[in-house]
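Peer 1: Okay, handing you the structure first.
The values are calculated or read from the model by the stated rules, or taken from the named source; none is laboratory data. Since we're looking at a predicted model, the values are computed, not measured. Here the Cβ is made from the backbone with ideal geometry for all residues, glycine too, and neighbour counts use every protein chain on show.
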Amino acid sequence: MTDAQPHIDALLQEERVFPPPSSFAEGAVVSDPAIYERAAEDPEAFWAEQAGRLEWNRPWDAVMEWRPPFVKWFVGGTLNASVNCLDRHVAAGGGDKVAYHWEGEPGDTRTITYRELLEEVCRLANGLRSLGVRKGDRVNIYLGMVPELPIAMLACARIGAPHSVVFGGFSADSLRDRINDAEAKVLITADGAWRRGQVVPLKANADEAVAECPSIEHVITLRRCENEHAFTPGRDVWYHDLVADQSTECVPAEMDAEDILYLLYTSGTTGKPKGITHTTGGYLTQVAATHRMIFDIKDDDVFWCAADCGWVTGHSYIVYGPLTNHTTGVMYEGAPDWPDKDRWWSIVETYRATILYTAPTAIRAFMRWGTEFPGKHDLSSIRLLGSVGEPINPEAWVWYWKVIGGERAPVVDTWWQTETGAILITPLPGITDLKPGSATVPFPGIQADIVDEQGDSVPLGGGGYLVLTRPWPAISRTIWGDTDRYVETYLSKFGPEVYVAGDGAKRDGDGYFWLLGRIDDVMNVAGHRLSTFEIESALVDDEKVAEAAVVSRPDDLVGEAIVAFVTLKSGYEGDDAMAADLREHVATKIGKIARPHGIIFTADLPKTRSGKIMRRLLRDVAHGRELGDVTTLANAEVVEQIREMSESAPAEE
């Protein structure tokens, strides 16, 4: 942003408000709004109270030690993450409670209790120790969504070996780069993983990667798909052979609160992935607290976070948060449309899931497929819904609430990042009035603001940079091996005490936060700073539109021209008349300045295997440039189709 445009123009207005249902509010985990005031008055006392719900070997000497730009939490305290997730529940008599209902894509199932999970974790932890893995050694994990993935994470946590999970959809090159950056000693993988009826050749990819990874001493391979692959004697070890004769007891490592629990790599603008590091005490405290309060966790809940453990959402809200809270979870291995588009709703019905937490991309896909698929199943068990990963369009929010939640289940739209470790901006469903499309307000103990280019707070109604003005326990401590890059990226623009999220946001008159997407996606149109997300939301507001992505291209007249890529619902045809109607719809919804200059109709949008739209590739198409890397796409073929359509797309007169 420039001095001439100090903040983002906030044009889209959403007037609908959904108070908490009285029946929900009466029994909510958090029912007193005074929690915000208490946490604001003494944040350290608030977080100490949450940390007190964990089991510590040694209590901390200080709650927080902040020497900007660096911070430490629960200084001097020691604990073990796997003990907090497993041992203490079993010792308290909760070993027979189900930890995970797991379903494989082909239809095979497993039900794993807390006692069984503890035993499996101990077996693998002892196996890792037998291979020479010691406290501080890094272990890479490259698996599909099978129970052995959280088992591997917890086994590493038990012996104090930081784990680095690599999403099973990533290529051999991506795996190689992450292994080498972390200098991992061991890789845990599988012969394959199921995806839409096909086998993803994980071990073959791993072999290709490890050929250029000198730090790897052993590759542990899980037998999942009976997929043929090479076997290197001396280096390769079968998972089942490694754990077969191991003890079901394993003495846990005593970890300092600031010891690293895991590394998780996120894409960097320089092309080199960033190894985000999360520590043990502060991270575990905040993921447990946010999971319990935001999702209103009760003893009998069946919680389904429909993410992948290859992403931070899976780390925090499939593994560490739910298990710390002794919650029953659901895990599913495969695609949401295999063998048909009602697979998720079959899973909800089968396991009587009470809480579903997923991404707006998935919700919009379900909208496009229609209500007939959820309509085939009994979804009455659902009492709470959640959204994560990117801003949710208001109409997608309402569809989710109405069709999946039966107009009874509150929707908690959450904002956070890999770097933040845990949710930061969110409703508390028993006390927060909900507004479709808004993540509402910061979690208790979180201090957030929206500032302009000079770092000055933007008045209510305006948009700008989303920043955090005080550390929180789960904040990443550094980028692995590159502290200077960490400080430069997150804690330099407005000084070492202000964390810059990289996202744009606005606040409405009630102080609610509305995320506007990445600052990089803000467009300068005729002197106005416009958010691509608001224009996308206006397009999806039209009943004929299933999904939309907006980018810009250079324009001599207005600076940047708006280009919209639109996927229509079945039964509608993308032609000149439809394009004109949609441009006018946007003009009516948020103003003529936001009316797209060009609309390109496409049957699908380019998405990563995690479901995020690759706007970078759409910008390449809009600019007529050579396409960038498409190896992480789930549907690479669609990009060329879009390029062909763009050449004949209708433009504004």
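Peer 1: Note down all Cβ pairs under 6 Å where the first residue falls in region 456-483 and is within 15 Å of G421 (Cα to Cα), the second is in a strand (DSSP E or B) and basic (K, R), and they're at least six residues apart or on different chains.
Peer 2: Close Cβ pairs (under 6 Å, with a partner that is in a strand (DSSP E or B) and basic (K, R)) amount to I479/K274.
Peer 1: Within region 384-418, which residues are in a loop (DSSP other than H, G, I, E, B), touching an Asp or Glu at 6+ places or on another chain (Cβ under 8 Å) and charged (D, E, K, R)?
Peer 2: Matches in region 384-418: none.
Peer 1: So if I check each of P429, P436, P374, P394, which one is over 25 Å from P68 (Cβ atoms) and crowded, with 24+ Cβ neighbours inside 10 Å?
Peer 2: Exactly one residue qualifies, and that residue is P429.
Peer 1: Is there a residue being free of Cβ contacts under 8 Å to residues at least 24 places away in the same chain and within 30 Å of E453 (Cα to Cα) anywhere in region 22-35?
Peer 2: No; the residues of region 22-35 include none that is free of Cβ contacts under 8 Å to residues at least 24 places away in the same chain and within 30 Å of E453 (Cα to Cα).
Peer 1: Quick one: Q198 ticks every box in (1) in contact with an Asp or Glu (Cβ under 7 Å, 6 or more places away or on another chain); (2) within 20 Å of E333 (Cα to Cα); (3) not aromatic (F, W, Y) except a single one, so which number is it?
Peer 2: Every condition holds for Q198 apart from (1).
Peer 1: Given (1) closer than 22 Å to S387 by Cβ; (2) modelled with pLDDT of 95 or more, where does L261 come up short, assuming only one miss?
Peer 2: (1)
Peer 1: Then there is this: Among the residues that make up region 560-574, is at least one of them touching a Phe, Trp or Tyr at 6+ places or on another chain (Cβ under 8 Å) and not in a strand (DSSP E or B)?
Peer 2: Yes, region 560-574 contains a residue that is touching a Phe, Trp or Tyr at 6+ places or on another chain (Cβ under 8 Å) and not in a strand (DSSP E or B).
Peer 1: Could you list, in sequence order, the residues of region 163-196 that are within 20 Å of G136 (Cα to Cα), under 20 Å from the mean Cα position of the chain (by Cα) and in a loop (DSSP other than H, G, I, E, B)?
Peer 2: Hit for region 163-196 is V166, nothing else.
Peer 1: Continuing with the same structure: Could you please let me know if Y36 is touching a helix residue (DSSP H, G or I) at 6+ places or on another chain (Cβ under 9 Å) and either surrounded by fewer than 21 Cβ atoms within 10 Å (Cβ to Cβ) or assigned by TED's automatic domain parsing to the domain that holds A184 (or both)? Outline the logic, then answer.
Peer 2: Values: touching a helix residue (DSSP H, G or I) at 6+ places or on another chain (Cβ under 9 Å): no; either surrounded by fewer than 21 Cβ atoms within 10 Å (Cβ to Cβ) or assigned by TED's automatic domain parsing to the domain that holds A184 (or both): yes.
Here the answer is no, as Y36 does not meet what is asked.
Peer 1: Among the residues of region 304-327, how many are surrounded by fewer than 24 Cβ atoms within 10 Å (Cβ to Cβ) and assigned to a strand (DSSP E or B)?
Peer 2: 0
Peer 1: Restricting to region 575-621, count the residues that are in a strand (DSSP E or B) and free of Cβ contacts under 8 Å to residues at least 24 places away in the same chain. Please lay out each step first, then the result.
Peer 2: First, pick out the residues of region 575-621 that are in a strand (DSSP E or B): 598-601, 607-608, 613.
Then drop every residue that is not free of Cβ contacts under 8 Å to residues at least 24 places away in the same chain, which leaves none.
The qualifying residues number 0.
Peer 1: OK, next. Report whether or not L379 is touching a residue at least 40 places away in the same chain (Cβ under 8 Å) and not charged (D, E, K, R). Show your work before the answer.
Peer 2: Values: touching a residue at least 40 places away in the same chain (Cβ under 8 Å): no; not charged (D, E, K, R): yes.
Considered against the rule, which asks whether it is touching a residue at least 40 places away in the same chain (Cβ under 8 Å) and not charged (D, E, K, R), L379 comes out as no.
Peer 1: Could you count how many residues in region 456-488 are part of a loop (DSSP other than H, G, I, E, B) and either over 27 Å from A39 (Cβ atoms) or of a type in the set (D, E) (or both)?
Peer 2: Keep residues of region 456-488 that are part of a loop (DSSP other than H, G, I, E, B), which gives 456, 458-462, 469-478, 480-482.
Filter again for either over 27 Å from A39 (Cβ atoms) or of a type in the set (D, E) (or both), leaving 456, 480-482.
Residues in region 456-488 being part of a loop (DSSP other than H, G, I, E, B) and either over 27 Å from A39 (Cβ atoms) or of a type in the set (D, E) (or both): 4 in total.
Peer 1: In addition: I need a count of the residues in region 61-86 that are touching a residue at least 12 places away in the same chain (Cβ under 8 Å), surrounded by fewer than 20 Cβ atoms within 10 Å (Cβ to Cβ) and not β-branched (V, I, T).
Peer 2: 8
Peer 1: Follow-up question, since we're still on this one. Restricting to region 57-104, and then to whatever is charged (D, E, K, R) and part of a strand (DSSP E or B), can you tell me which residue is farthest from T469 (Cα to Cα)?
Peer 2: First, pick out the residues of region 57-104 that are charged (D, E, K, R): 58, 61, 65, 67, 72, 87-88, 96-97, 103.
Of the ones still in play, those that are also part of a strand (DSSP E or B) are 58, 65, 67, 72, 103.
Working: R58: 30, E65: 15, R67: 14, K72: 16, E103: 42 Å.
The residue in question is E103.
Peer 1: Can you find a residue that is at pLDDT 95 or above, touching a His at 6+ places or on another chain (Cβ under 7 Å) and assigned to a helix (DSSP H, G or I) anywhere in region 125-136? Show your work before the answer.
Peer 2: To start, the set of residues in region 125-136 that are at pLDDT 95 or above comprises 125-136.
Right, trim to touching a His at 6+ places or on another chain (Cβ under 7 Å) and you get 131.
In the following step, the residues that additionally are assigned to a helix (DSSP H, G or I) were identified as none.
No - not one qualifying residue is present in region 125-136.
Peer 1: Test R138 against the criterion of being basic (K, R), at negative phi and surrounded by 23 or more Cβ atoms within 10 Å (Cβ to Cβ), and give yes or no. Reasoning before the result, please.
Peer 2: Numbers: basic (K, R): yes; at negative phi: yes; surrounded by 23 or more Cβ atoms within 10 Å (Cβ to Cβ): yes.
In short, yes.
Peer 1: Quick one: in region 38-56, which of the residues that are part of a helix (DSSP H, G or I) and aliphatic (A, V, I, L, M) is nearest to E258 (Cα to Cα)?
Peer 2: The initial filter retains those residues of region 38-56 that are part of a helix (DSSP H, G or I), namely 38-41, 43-51.
Checking which are aliphatic (A, V, I, L, M) leaves us with 39-40, 45, 48, 51.
Values: A39: 23, A40: 24, A45: 19, A48: 15, A51: 14 Å.
For region 38-56, the residue satisfying everything is A51.
Peer 1: Would you confirm whether or not region 264-271 contains a residue that is surrounded by fewer than 24 Cβ atoms within 10 Å (Cβ to Cβ), in the same structural domain as P336 (by TED's automatic domain parsing) and either in contact with a helix residue (DSSP H, G or I) (Cβ under 9 Å, 6 or more places away or on another chain) or not in a strand (DSSP E or B) (or both)?
Peer 2: Quick first cut of region 264-271, residues surrounded by fewer than 24 Cβ atoms within 10 Å (Cβ to Cβ) only: 266-271.
If we keep only those that are in the same structural domain as P336 (by TED's automatic domain parsing) as well, we get none.
So far as region 264-271 goes, no, none of its residues is surrounded by fewer than 24 Cβ atoms within 10 Å (Cβ to Cβ), in the same structural domain as P336 (by TED's automatic domain parsing) and either in contact with a helix residue (DSSP H, G or I) (Cβ under 9 Å, 6 or more places away or on another chain) or not in a strand (DSSP E or B) (or both).
Peer 1: Keeping to region 345-360, report how many residues are among the small types (G, A, S), out of contact with any Phe, Trp or Tyr (no Cβ under 9 Å at 6 or more places or on another chain) and assigned to a loop (DSSP other than H, G, I, E, B).
Peer 2: Taking region 345-360 as the starting set, the residues that turn out to be among the small types (G, A, S) are 346, 353, 359.
Right, trim to out of contact with any Phe, Trp or Tyr (no Cβ under 9 Å at 6 or more places or on another chain) and you get 346, 359.
Add one more test, that the residue is assigned to a loop (DSSP other than H, G, I, E, B), and what stays is 359.
So the answer is 1.
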